[in-house]
Amino acid sequence: MYGKVLLCLAFVAVIALPLANSLKCYECRDVNSCKNPTTVQCNQINANATRDALLNTYHNVQITNTTRYACYVGIYSAGKATVFDVRGCIPDDAVSCSAPLVNSTWVKQTCDVCTKDSCNKKNSVGTFSSSIFTMIGLLFVAKVFVN
């Protein structure tokens with residue numbers, strides 16, 4: 001009996017630990033794709049891709065390898081038109097929203113660096129519902145192991 005409980009707890013810990021330590025961010029690279037951004041789990045590859053997109057926006061983008069990530073959203077306009085919209089994971093120290101822009105004619109509409117799941121878009125209902133499904137799945141697995 002106790003062996004099954006310990007096995008179940010170990011299984012839940014192995015499954016839940018990576019989920020707890022990985023940040024999820026919305027990701028898109030232009031105005032059209034940002035109308036319906038995808039969600040990604042942060043890793044070095046997609047953090048580097050967002051960072052590289054920001055090299056065209058900011059003078060002082062830090063190039064670092066890290067396991068600490070943040071979500072980024074930046075929307076810039078020229079005149080009345082939005083000219084640049086990018087969202088995604090970045091290394092947590094890659095950019096500051098107060099850094100000078102490469103293009104002096106652009107105006108910052110939105111710039112935010114945040115560290116909660118899906119914080120780089122206003123509607124994060126999907127994150128809550130996926131967490132509910134994960135918890136229900138883990139409870140089901142625990143029930144199977146205990147019986």
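The values are calculated or read from the model by the stated rules, or taken from the named source; none is laboratory data. Everything numeric in this text was worked out from a predicted model, so none of it was measured. When we count neighbours, we look across all protein chains shown, and the Cβ atoms used for this are built from the backbone with ideal geometry, even at glycine.
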Scanning the stretch 40-63 for residues that are touching a Lys or Arg at 6+ places or on another chain (Cβ under 9 Å) and under 18 Å from Ile75 (Cα atoms), which turns out surrounded by the fewest Cβ atoms within 10 Å (Cβ to Cβ)?
Ala49
Specify the residue that is surrounded by the most Cβ atoms within 10 Å (Cβ to Cβ); the eligible residues are those in the stretch 80-104 that are over 17 Å from Asp30 (Cα atoms) and among the small types (Gly, Ala, Ser).
Ala94
With criteria (1) under 21 Å from Leu23 (Cα atoms); (2) modelled with pLDDT under 90, Thr115 comes up short on (2)
